[in-house]
Amino acid sequence: MSNAYREMWRDLGLDLERHDAFLAALPGAFSEVFLQQDNRPAGMAYFDNLLGEAHGRRVEEILAHKRAGRLVAGTFCVFVPEELILAVDGVSVGLCAGTQFTVPAGEQILPRNLCPLIKSLVGFKLERICPYFQVVDFLVGETTCDGKKKTWEILNDYVPTYVMELPQRKEAADLALWEGEIYRFKEEIERRSGQKIDSEKLNAAIKKANARRAALQRLYQARRADPVPISGKDALLISQLAFFDDPDRFTAQVNALCEELEDRIARGEGVTSKGAPRLLVTGTPMPLPYWKLHHLVEKSGAVIIGEETCTGSRYFAGMVPEDGETLSQQVKNLARRLLDINCACFTPNTSRMEDILRLAREGKADGVIYYSLQFCQTYALEARQVEKALREAGLPVLCLESDFSEKDAAQLQTRIEAFLEMITS
Ligand code: BJ8
């Protein structure tokens, strides 16, 4: 990345030496994972560039918004109703992190036997190598898993951290609690931005977020074709970048890419040959810059046709109805859509099994990989029920647990190859 940004990074208080070390490894990894693929869609150029400029131009843009008085919020979970941030013309940035580079720093203040996603995100703040962490006005945490819940208390010493209480069941009382939390969050946004949210502003924000969901749903629809017109790695990268980019620009670019993919489908053109093994991935989120599992699978000759994860379908499934005329109808609509998300922190969570089966069926998957980050108890525990439901439906499943390091790559590759051999023989 250009040195023209060094002054901006210095002003943001980044540790320039550590930041240089972090960025140094990325071009090589990116080239190996992405640029060496055959027959990539031309529309990926925008997303490649967006990633390349993630610590540069996009930060510059957000800083300009901030100087113009716009609120900047950092989030970590798809349950945060981003529409309220957009309703005050604020900027919402997803700060979940997926790199081993910052895990040791996170372990300085967190238990080692904690999910690497949490250690990585905290490490980014402690190491001062994430410009977004430096730019945000405040963070929005949520009471999902215990690890995250307690981490917000610690992170609050570094950045003001507001916490939303997410219920853990989906009964009427839980919906009422969640609606109350959305109102409380609305007040927080109004207080911080100095703007009132009315139904007109909220409706415009709902439409903006829905348009992005529709574009991502269209992309996922394209992945159902055989041969697949885009690799799973590229689709994952796009979802990861959705959390950073300007929503309108991102939506336009995803739609443009989809047009290219739909043309490819009409011509029968794909990134793999027709009949290549197709896998669905389900489990814990895969935040930037984590691409290990997808890379290993696709290096082995299979293709990933969907992700039932929060960096996949859980992020963009469902629409918020756009006909809510009053704030109270709109808040209800927001609450309902969010409570339909099947995170493993809910009990019971049977609708997740139904969702996985539906996605596997729609994507014509030959098998499913259940992927769980190390020390993520809720997803690890739920694996048993998912495995049972998949086996009963006659779908082979491979359960893998890993972290963000590369140390288990060879071992994972062997298991993936054995699984592919089993489902193709
Ligand atoms: S809605 S999956 S984004 S909480 S992987 S930190 S659960 S120990 S990230 Fe998540 Fe929201 Fe749920 Fe999605 Fe904890 Fe598990 Fe780590 Fe996790």
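The values are calculated or read from the model by the stated rules, or taken from the named source; none is laboratory data. Bear in mind the structure is a predicted one, so any value in this text is a computation, not a measurement. Here the Cβ positions follow ideal geometry from the backbone for every residue, glycine too, while neighbour counts run over all protein chains shown. Side chains included, ligands, DNA and RNA excluded: accessible areas come from the protein's heavy atoms. Shrake-Rupley method; radii C 1.70, N 1.55, O 1.52, S 1.80 Å.
Out of contact with any His (no Cβ under 6 Å at 6 or more places or on another chain), assigned to a loop (DSSP other than H, G, I, E, B) and within 16 Å of the ligand (Cβ to nearest atom): does that describe F79?
Judged against the criteria, F79 is a match.
Evaluate the following for E171: is it of a type outside the set (F, W, Y) and closer than 19 Å to S405 by Cα? Give the steps one after another, and end with the answer.
Details: of a type outside the set (F, W, Y): yes; closer than 19 Å to S405 by Cα: no.
For E171, the condition - of a type outside the set (F, W, Y) and closer than 19 Å to S405 by Cα - is not met.
Matching residues to (1) farther than 21 Å from R57 by Cβ; (2) among the hydrophobic types (A, V, I, L, M, F, W, C); (3) in contact with a Phe, Trp or Tyr (Cβ under 8 Å, 6 or more places away or on another chain); (4) surrounded by 14 or more Cβ atoms within 10 Å (Cβ to Cβ):
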| position | (1), (2), (3), (4) |
| --- | --- |
| E7 | no, no, no, no |
| D11 | no, no, no, no |
| L16 | no, yes, yes, no |
| N39 | yes, no, no, no |
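All but one of (1) out of contact with any Lys or Arg (no Cβ under 8 Å at 6 or more places or on another chain); (2) crowded, with 21+ Cβ neighbours inside 10 Å; (3) farther than 17 Å from H19 by Cβ hold for L121, so report the exception by its number.
(3)
Run down R391, R337 and say which single residue is without any contact (Cβ under 8 Å) to a residue 24 or more places away in the chain, out of contact with any His (no Cβ under 9 Å at 6 or more places or on another chain) and within 16 Å of the ligand (Cβ to nearest atom). Please lay out each step first, then the result.
On the way: R391 fails: within 16 Å of the ligand (Cβ to nearest atom).
Step by step, each of R391, R337 is checked, and only R337 is without any contact (Cβ under 8 Å) to a residue 24 or more places away in the chain, out of contact with any His (no Cβ under 9 Å at 6 or more places or on another chain) and within 16 Å of the ligand (Cβ to nearest atom).
Select from the stretch 147-177 the residues that are touching a residue at least 60 places away in the same chain (Cβ under 8 Å), open to solvent by 50 Å² or more (accessible area, probe 1.4 Å) and either within 14 Å of the ligand (Cβ to nearest atom) or in a strand (DSSP E or B) (or both) and list them in ascending order.
The answer is Q168, K170.
Just need a number here: residues in the stretch 188-241 that are free of Cβ contacts under 8 Å to residues at least 12 places away in the same chain and not in a helix (DSSP H, G or I).
2
Quick one: S351 ticks every box in (1) among the hydroxyl-bearing types (S, T, Y); (2) within 13 Å of the ligand (Cβ to nearest atom); (3) out of contact with any helix residue (DSSP H, G or I) (no Cβ under 9 Å at 6 or more places or on another chain) bar one, so which box is it?
(2)
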